[in-house]
1. Would you mind finding the one in 54, 96, 89 that is touching a Ser or Thr at 6+ places or on another chain (Cβ under 7 Å) and either farther than 26 Å from residue 110 by Cβ or aliphatic (A, V, I, L, M) (or both)?
2. Could you list, ordered by first residue, the pairs with Cβ atoms under 6 Å in which the first is in region 76-96 and closer than 20 Å to residue 49 by Cβ and the second is of a type in the set (Asp, Glu) and open to solvent by less than 60 Å² (accessible area, probe 1.4 Å), at least 6 apart or interchain?
3. For residue 24, are the conditions met, namely being within 23 Å of residue 81 (Cβ to Cβ) and small (Gly, Ala, Ser)?
Amino acid sequence: MDITIYHNARCGSSRNTLAAIEQAGHVPTVVDYLANPPSREQLRALIAAAGLEVRDAVRSKEAAFAELGLDQPGVDDEALLDAMVAHPVLINRPFVVTPKGVRLCRPFELVHEIL
């Protein structure tokens, strides 16, 4: 099965998701999205395919979220996407893509829905 995980090795949820994929017998393509972030179009497609709103895919706990004013009322999806592309640390993780669908695997057990 062709599987891609947008991974951050410092994130427990991301590490657990990767481990669950491997324990299920798969060898995924691992994308270090901090070093190789998805394009704006790819990011928008991942979010849509996962059935999420853009705001659901932003890591609001990151310092950059408040520093960039993204916590202010009226910040729209386009501004959030721009911020995530410019500052990939703001992308929530891990996104996993398989032929069965796309999930933002928080909690990591959601990956089982698409394996």
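The values are calculated or read from the model by the stated rules, or taken from the named source; none is laboratory data. Just so we're clear, the structure is a prediction, and the values are computed from it rather than from any experiment. Cβ coordinates were reconstructed from backbone atoms using ideal geometry, including for glycine residues, and neighbour counts include every protein chain displayed. Remember, those area values only see protein heavy atoms, side chains included, never the ligands or the DNA or RNA. Shrake-Rupley method; radii C 1.70, N 1.55, O 1.52, S 1.80 Å.
1. So the residue among 54, 96, 89 that is touching a Ser or Thr at 6+ places or on another chain (Cβ under 7 Å) and either farther than 26 Å from residue 110 by Cβ or aliphatic (A, V, I, L, M) (or both) is 96.
2. 90/62
3. Working: within 23 Å of residue 81 (Cβ to Cβ): no; small (Gly, Ala, Ser): yes.
It is false that residue 24 is within 23 Å of residue 81 (Cβ to Cβ) and small (Gly, Ala, Ser).
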